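Below you'll find the structure, written out as structure tokens, and then a few comments.
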């Protein structure tokens with residue numbers, strides 16, 4: 001009888017061992033799945049971020065749908081994902097202010113391979129739109145006036161007649177940004193700063209390099225920041241990417257946005273200019289590209305340079 005009990009105990013022990021091994025296998029398999037699922041979600045988030053960035057970058061080019069498509073593809077590549085024109089839908093839904101970008105990636109499993117699961121293919125998409133807005137951010141620290149002072153010569157000296165003359169900026173117009181434009185130089189007034197900024201050289205340099213990080217709206221006021229600020233080396237950092245406004249694109253560092261102001265420093269519009277060159281005194285030669293105060297017909301003719309849009313993701 002004792003022998004029978006001993007045999008039963010051995011059989012139970014063997015069965016328990018088998019059960020433990022099976023249970024461990026199941027636990028390891030689930031652990032592998034949990035780890036790989038976590039990695040899958042992380043990769044999918046990275047994929048979504050790339051799609052969002054590509055869609056937003058493309059929307060910056062709208063309503064120029066061809067440039068929007070090229071830019072979206074380029075930005076996906078910057079995030080290490082390859083897409084083609086087949087993955088970019090623009091105009092999206094027939095709307096020239098919308099773009100949709102799809103990004104696909106094969107995500108391999110690592111631990112789940114023990115379950116003969118190799119990986120999965122994941123596709124995400126993002127849509128963005130460009131819509132009208134009054135405010136503009138990223139402004140550079142120069143301003144153009146809508147009028148200039150009419151001057152006359154008296155006793156070999158320039159004297160203001162007391163009259164302001166309306167001035168219109170046309171596409172491609174070459175002009176010089178320089179201090180003291182109110183003394184007879186048509187249109188240009190001088191160096192400015194924004195809101196509660198100071199008028200020191202460091203503020204000026206920062207606004208040249210990166211643009212003002214706040215938003216300026218129509219009817220806001222800017223500050224007169226005139227003074228001797230030679231920043232030729234800072235301006236030269238922007239003068240890359242071609243030297244012709246006719247072949248320039250929106251993402252060129254030479255293309256910047258500045259406010260248009262009246263004689264009281266009130267913002268009445270915004271302008272896009274192309275920075276052509278800078279001399280040893282820091283005076284800039286530029287070409288005029290776009291003016292939000294132009295008539296509608298003229299703005300439509302040059303709508304590639306339109307700046308009265310903001311971009312945002314949409315469902």
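Peptides 220-226, 57-63: what's the order by average Cβ count within 10 Å, highest mean first?
Highest-to-lowest ranking by the protection proxy: 57-63, 220-226.
Only counting other Cβ atoms within 10 Å, I'd like 177, 313 sorted with the fewest neighbours first.
313, 177
Arrange the following residues from fewest to most other Cβ atoms within 10 Å of their Cβ: 175, 265, 194.
Starting with the residue having the fewest Cβ neighbours, the order is 265, 175, 194.
Can you tell me the relative contact order of the stretch 136-309? Whole percent, Cα pairs under 8 Å, sequence separation 6 or more.
25
Sort 156-168, 295-307, 206-218 by packing, meaning the average of other beta carbons within 10 Å per residue, with the highest value first.
206-218, 295-307, 156-168
Rule-based calculations on the coordinates, nothing more; no lab input. All values derive from a computational prediction rather than experimental measurement. Every residue, glycine among them, receives a Cβ derived from its backbone with ideal geometry; neighbour counts consider all protein chains shown.
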